[in-house]
Amino acid sequence: MPKNHSVKTRNGFRQILKKAFFSDSFKAVAVLALIALVASLTLSVVHRFTTVDEAARLREKIGEAYTAAEITSELDIEGYENTENSVILNAFIASDGACIIVSKSQKAYNAGHGITLFVVIKDGIINSVANYSSAETPGLGTRALNHTYLSQYEGVAAEELAYRVVFASPSDTPSVNIRYLSGATKTSVGVKTAVEAAATFYIREVVK
Amino acid sequence: MKNKLRLTIEPFTNGIAKNNATFRLMLGTCPTLAVTTAAMNGLTMGLATTFVLLCSNFIISLLRNVIPGKVRIPAYILIIATFVTVVDMVMNKFLPELHETLGLFIPLIVVNCIIMARAESFASHNAPLPSVMDGLGVGLGFTLALTLIGLVREFLGAGAFFGIEIPVVADFAMTIFIMPAGAFLVYGFLLVLFNVAVNAFQKKKVAEAQGGQAK
């Protein structure tokens, strides 16, 4: 009697399993799981081949922006108190003494992305400014990121731009006049913010 | 044989002209208006969407008898999202500047109604080859539309052609065409032109067919 009961239970259990296994719900879950598994495998393979070495990309871009000398060391920016609306991401020293500062401004037309610039300062004078990363409107905001516009900062003393941020009193208003572009005002302001932040960093951290 | 060939080619040509997603079906309007500030952006966005359309149509068509109807939408989204992520990663690696410019619109291809529409209405009912042709046709039609809008907006708004400034035109550039209002204006005008051209072509074709029958 107990033997028959156990066989019955076993058969019932088997039938439940069989039913569950061939049910629509199980099939749906299995298909979705299988697709997800294949998708994960595909993405992990693609990720392996498309991983971006941000540090290498940054160095490569710096090499393109400043060709006069090679980078010899990186400055420690940890603990540096950033100004409002801007962040100093990296700072390097080149073999000729030039300081290459990677400065990001949160002020931009595409504020979510911001504007990141390379600002090269040599002997206290801005040597060059170049765009590293931005997502401004092509043909509109990007006009304030091309070399023609950015070259207005070349030859300006870092001190003059830094004082705009460090000392806000009118007596310290510098003589330098920064031109904004009509139709690209927000980008122009973003560029100025990034350059001023770089100049301030230079005065506070490098000159001292 | 001829009929089979026609059934394979037809989805391709339909996607470009007769059923152009942007100008005829008015689908995918959000990326169309947002990314076409320059011709290159339109072209890149179009090609990225074409790749996703092509691959997702192929896979969905292959799995059309395997995917249960109850979970077909999540399954399609899973497949489409995989290809969009592939495009996103590849663009980040090889075209970082364009990737930055297009920004959020690349991941948003996942919810592009053109891709979902082709998956649901065509790929899930047809064999892989016609589905691939459909994806290619619709994708290239979308690319054509985006590039065309981008070309006009860039030319009028920035006086440039694929990023190259045109000396005299650049001096008289009208910024409004780069702005959202300009996107609607250009889209509207091109919509009219495209529909007039396609309708005229179709009428001519019908007239030719009727003439042939009369003979």
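The values are calculated or read from the model by the stated rules, or taken from the named source; none is laboratory data. Predicted model only: the values in this text are computed from it and were never measured. With ideal geometry, Cβ positions are generated from the backbone for all residues, glycine too; neighbour counts draw on all protein chains shown. Ligands, DNA and RNA are stripped out before the accessible areas are found, and what is left, the full protein with its side chains, is counted by its heavy atoms. Shrake-Rupley method; radii C 1.70, N 1.55, O 1.52, S 1.80 Å.
Give the stretch A:141-157 a look and list any residue that's open to solvent by 10 Å² or more (accessible area, probe 1.4 Å) and not basic (Lys, Arg), or say none. Matches in the stretch A:141-157: A:THR142, A:LEU145, A:ASN146, A:HIS147, A:THR148, A:SER151, A:GLN152, A:GLU154, A:GLY155, A:VAL156, A:ALA157. Out of curiosity, is B:ALA127 away from chain A (no Cβ under 14 Å) and within 20 Å of the chain's Cα centre (by Cα)? No; evaluated as a whole, the condition is false for this residue.
Of all residues in the stretch A:55-66, which are facing another protein chain (nearest Cβ under 10 Å) and either outside any helix (DSSP H, G or I) or surrounded by fewer than 15 Cβ atoms within 10 Å (Cβ to Cβ) (or both)?
Residues of the stretch A:55-66 that are facing another protein chain (nearest Cβ under 10 Å), as a first pass: A:57, A:61.
Of everything in the stretch A:55-66, just one residue is facing another protein chain (nearest Cβ under 10 Å) and either outside any helix (DSSP H, G or I) or surrounded by fewer than 15 Cβ atoms within 10 Å (Cβ to Cβ) (or both), namely A:ARG57.
The listed residues are A:ALA56, A:ALA69, and the only one of them that is free of Cβ contacts under 8 Å to residues at least 40 places away in the same chain, under 29 Å from A:SER134 (Cβ atoms), of a type in the set (A, V, I, L, M) and in contact with an Asp or Glu (Cβ under 8 Å, 6 or more places away or on another chain) turns out to be A:ALA69.
Within the stretch A:72-96, how many residues turn out to be open to solvent by less than 40 Å² (accessible area, probe 1.4 Å), farther than 21 Å from A:GLU136 by Cβ and outside any loop (DSSP other than H, G, I, E, B)? Looking only at that region, the number is 5. Cβ-Cβ contacts under 9 Å between residues 6 or more apart (or on different chains), taken from a first residue in the stretch B:1-15 that is under 17 Å from B:HIS125 (Cβ atoms) to a second residue that is open to solvent by 70 Å² or more (accessible area, probe 1.4 Å), are listed as B:THR8/B:LEU129.
Please go through the stretch B:132-191 and pick out each residue that is β-branched (Val, Ile, Thr) and either more than 14 Å from every other protein chain (Cβ to nearest Cβ) or in a helix (DSSP H, G or I) (or both). Even if it seems obvious, please write down each step before you answer.
Pass one, the stretch B:132-191, residues β-branched (Val, Ile, Thr): B:132, B:138, B:143, B:147, B:149, B:152, B:164, B:166, B:168-169, B:175-176, B:178, B:186.
The answer is B:VAL132, B:VAL138, B:THR143, B:THR147, B:ILE149, B:VAL152, B:VAL168, B:VAL169, B:THR175, B:ILE176, B:VAL186.
Would you confirm whether or not the stretch A:32-40 contains a residue that is at pLDDT below 85 and either away from every other protein chain (no Cβ under 13 Å) or loosely packed, with under 12 Cβ neighbours inside 10 Å (or both)? Full working, then the answer.
Filtering the stretch A:32-40 down to residues at pLDDT below 85 leaves none.
Looking for residues that are at pLDDT below 85 and either away from every other protein chain (no Cβ under 13 Å) or loosely packed, with under 12 Cβ neighbours inside 10 Å (or both), one finds none in the stretch A:32-40, hence no.
I need the full set of residues from the stretch B:93-115 which are free of Cβ contacts under 8 Å to residues at least 24 places away in the same chain and facing chain A (nearest Cβ under 10 Å), in order please.
Start the filter on the stretch B:93-115 by keeping residues that are free of Cβ contacts under 8 Å to residues at least 24 places away in the same chain, which leaves B:93-94, B:96-97, B:99-100, B:103-104, B:107, B:111.
Hits for the stretch B:93-115 are B:LYS93, B:PHE94, B:PRO96, B:GLU97, B:HIS99, B:GLU100, B:GLY103, B:LEU104.
Within the stretch B:44-92, how many residues are of a type in the set (Val, Ile, Thr), more than 7 Å from every other protein chain (Cβ to nearest Cβ) and open to solvent by less than 30 Å² (accessible area, probe 1.4 Å)?
Just the residues of the stretch B:44-92 that are of a type in the set (Val, Ile, Thr), to begin with: B:44, B:49-50, B:52, B:59-60, B:66-67, B:71, B:73, B:77, B:79-80, B:82, B:84-87, B:90.
Still in the running and more than 7 Å from every other protein chain (Cβ to nearest Cβ): B:44, B:49-50, B:52, B:59-60, B:73, B:77, B:80, B:84, B:87.
Now restrict to residues that are open to solvent by less than 30 Å² (accessible area, probe 1.4 Å): B:44, B:49-50, B:52, B:60, B:80, B:84, B:87.
Count: 8.
Residues that are among the hydrophobic types (A, V, I, L, M, F, W, C), open to solvent by 10 Å² or more (accessible area, probe 1.4 Å) and within 11 Å of the chain's Cα centre (by Cα) within the stretch B:130-147 comprise B:LEU136, B:LEU140, B:LEU144, listed in sequence order. Could you list all residues from the stretch A:172-195 that are modelled with pLDDT of 90 or more and open to solvent by less than 60 Å² (accessible area, probe 1.4 Å)? Across the stretch A:172-195, the qualifying residues are A:THR187, A:SER188, A:VAL189, A:GLY190, A:VAL191, A:LYS192, A:THR193, A:ALA194, A:VAL195.
So, in the stretch B:10-37, how many residues would count as being within 19 Å of B:ALA181 (Cα to Cα) and either open to solvent by less than 10 Å² (accessible area, probe 1.4 Å) or in a helix (DSSP H, G or I) (or both)? Of the residues in the stretch B:10-37, 11 are within 19 Å of B:ALA181 (Cα to Cα) and either open to solvent by less than 10 Å² (accessible area, probe 1.4 Å) or in a helix (DSSP H, G or I) (or both).
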